[in-house]
Amino acid sequence: MSQTIQAYQNQQPTIPAWVVVVQSICFAILYAVWMLPKTIFLRNTCLGIGAALSLFVIFRYRKSFLSKCALPVYLLIALFAWLVFHLLFLSNDYPAQYREFTSVWKNCAIAILFGLGFGISLASLVSHSVANSSTPKANSKMSQIVWVLIWLGLIAPELIFIIKWVLTNQGPAWGIVVPDYWKLWTSSAPYYVAKIDYVCFCLPVLAIALGQIKVQIDQGRLLSWANGFYICVVGSVLFVFAKWQIFNGFIYVLLITAILAGMLVWKYFKKASSSKQIIAIIFICALAASLMYQVKTDSHFETFVADAKVALDGEKYPQWKYDGTQGYPNNELGRQVNVSNYERVSWFIHGVELIPRYPQGYGLLHRSFGRLVKMDYPDSKMHQSHSGWLDLTLGIGIVGVALILGAMLLAMRNCSRLQIHALMPEKDALNRNAHLNIAWWALLGLGLIWCTTEISQKVNMEVLLFWVALATAMSMGISKTIGSSEKHQNANPK
């Protein structure tokens, strides 16, 4: 049987080890600085090198793009065809849309190329580590190096924040002269990083860590050093959210944890012993209690219903249009509405009402909501709604969002449906699932963030499309390996 796999493996294109390593280094550096100000040169350099190497990888594995798993790639190609069509024939502000197309969307295209090539390289590395028995130690070492580089990149945003927080708060007491770049700043400072960027880059890492814990549990490794590391990663993300007071980040964390708990309960509850079932029930109850406590202690939820009623009557209470410059109304309790509740609900309602009127979208990724509102209310001071998916729909239209969501959901489906191959040794199955879970859980985290965060802009769009491309490419490479190995197995059963 090993000879069958080896014969198949020898027929596959190979990727030089240095290409995979350089791609991993580029990813690690890119993810570390992607959201940081004054790093455009470094970001573009990593994107450029990664994409250039990916073109070589994509060419070597061009036949993989004929598989069913490659459908998200064609949806992304259709997305850019739609953007060109929109620019040429549906534009409301051609100069601004052209600038965005040649900057933000250009970088998105480069990020997609990088993601595709990097994903294929990772899938190839996993597949070769299974079948290339001539150099198992070399393959294992290479996989470990790449895995470490990936995680160095993923944890870098959290580590950078922790370093900044320590230097900002403790540096003066220790007699350290802290450069401006290594301080935490308010929104008016040149080196300020917005809270939404921390959510965009840190929450997917937390989701990935939880996904890796599930992989370890599935392999019977609940008590492992790897899980200890992943728990530390989760703790670092919670530290960022706590110190930067990102309260909605905790809601996301609880939701993702609940999803993980649901998966584990669904798979193991009936098979577990009575004592483990009791522990699971206690954990679920504690999780539910934490969610309820978070909701109860958050002032946003205390008057949410009363605030929502005011927000629903936009004609009587038009303050939603002016971003606070004309004050805020009182709710039925006789108190001023909670600003966040009032604005989130009113902006969402009016944003949804704009979709059937402008199904093609305004044309801009950033602040199309505000521009469309100004068509009806010229004195409006709107910019973005509090929903990334809504902003994106109003920007690039129903067609554009449908193509992105379709590509994302198909990529996640392809990653989740790839089961462990019967011929896989336990270690290789663990390696394969670990890589697939990175992309799936990252997209889960990003999909949730885009629901209630004004995240439709610049690097956040690049990150989303990069992960979609990475998930697609990994599923393409691994599914091709599984399918071809099965054909060889059937042809040579002995």
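Restricting to segment 12-31, name every residue that is within 22 Å of the chain's Cα centre (by Cα), among the hydroxyl-bearing types (S, T, Y) and farther than 12 Å from F114 by Cα.
Matches in segment 12-31: Y31 only.
I'm checking my understanding of the structure. Among residues of segment 256-315 that are basic (K, R) and closer than 30 Å to H350 by Cβ, which one is modelled with the highest pLDDT?
Going through segment 256-315, the residues basic (K, R) turn out to be 267, 270-271, 276, 296, 309.
Filter once more, keeping what is closer than 30 Å to H350 by Cβ: 296, 309.
Values: K296: 63, K309: 88.
By that ranking, first place goes to K309.
So K381 fits all but one of (1) of a type in the set (K, R); (2) surrounded by fewer than 17 Cβ atoms within 10 Å (Cβ to Cβ); (3) assigned to a helix (DSSP H, G or I); what number is the exception?
(3)
Looking at segment 58-107, which of the residues that are in contact (Cβ under 8 Å) with a residue 40 or more places away in the chain and of a type in the set (F, W, Y) is farthest from M461 (Cα to Cα)?
Here the answer is Y61.
For segment 309-328, which residues satisfy the criterion of being part of a helix (DSSP H, G or I) and crowded, with 18+ Cβ neighbours inside 10 Å?
Step one: filter segment 309-328 for residues part of a helix (DSSP H, G or I), giving 309-312, 318-322.
Those that are part of a helix (DSSP H, G or I) and crowded, with 18+ Cβ neighbours inside 10 Å: V310, A311, Q319, W320, K321.
For segment 104-125, how many residues meet the condition of being among the hydroxyl-bearing types (S, T, Y) and modelled with pLDDT of 95 or more? Don't jump to the end; show me each part of the working.
So in segment 104-125, the residues among the hydroxyl-bearing types (S, T, Y) come out as 121, 124.
Pick out the ones that are also modelled with pLDDT of 95 or more and you get none.
Total satisfying the criteria: 0.
Need at least 3 residues that are within 22 Å of W147 (Cβ to Cβ) and at pLDDT 95 or above per element, so show me which helices (runs of 4 or more DSSP H) inside segment 1-66 make the cut, counting only ones lying wholly within it.
Once the helices (runs of 4 or more DSSP H) in segment 1-66 are filtered for at least 3 residues that are within 22 Å of W147 (Cβ to Cβ) and at pLDDT 95 or above, what remains is 17-33, 40-60.
Using beta carbons and a limit of 8 Å, which pairs, at least six apart or on different chains, have the first residue in segment 108-121 and closer than 16 Å to Y61 by Cβ and the second one not aromatic (F, W, Y) and not in a helix (DSSP H, G or I)?
I120/I15; S121/I15
Among the residues of segment 212-222, is any exposed (fewer than 14 other Cβ atoms within 10 Å of the Cβ), within 25 Å of N431 (Cβ to Cβ) and at pLDDT below 90?
Start the filter on segment 212-222 by keeping residues that are exposed (fewer than 14 other Cβ atoms within 10 Å of the Cβ), which leaves 220, 222.
This time we only want the ones that are within 25 Å of N431 (Cβ to Cβ), so: 220, 222.
Still in the list and also at pLDDT below 90: 220, 222.
Yes.
Filter segment 183-237 down to the residues that are closer than 16 Å to N433 by Cα and not in a helix (DSSP H, G or I) and list them by number.
Taking segment 183-237 and keeping what is closer than 16 Å to N433 by Cα, we get 207-222, 226-227, 230.
Q219, G220, R221, L222 - these are the residues of segment 183-237 that are closer than 16 Å to N433 by Cα and not in a helix (DSSP H, G or I).
The values are calculated or read from the model by the stated rules, or taken from the named source; none is laboratory data. Computed from a predicted structure; not experimentally measured. Virtual Cβ from ideal backbone geometry, glycine too; neighbours counted across all protein chains shown.
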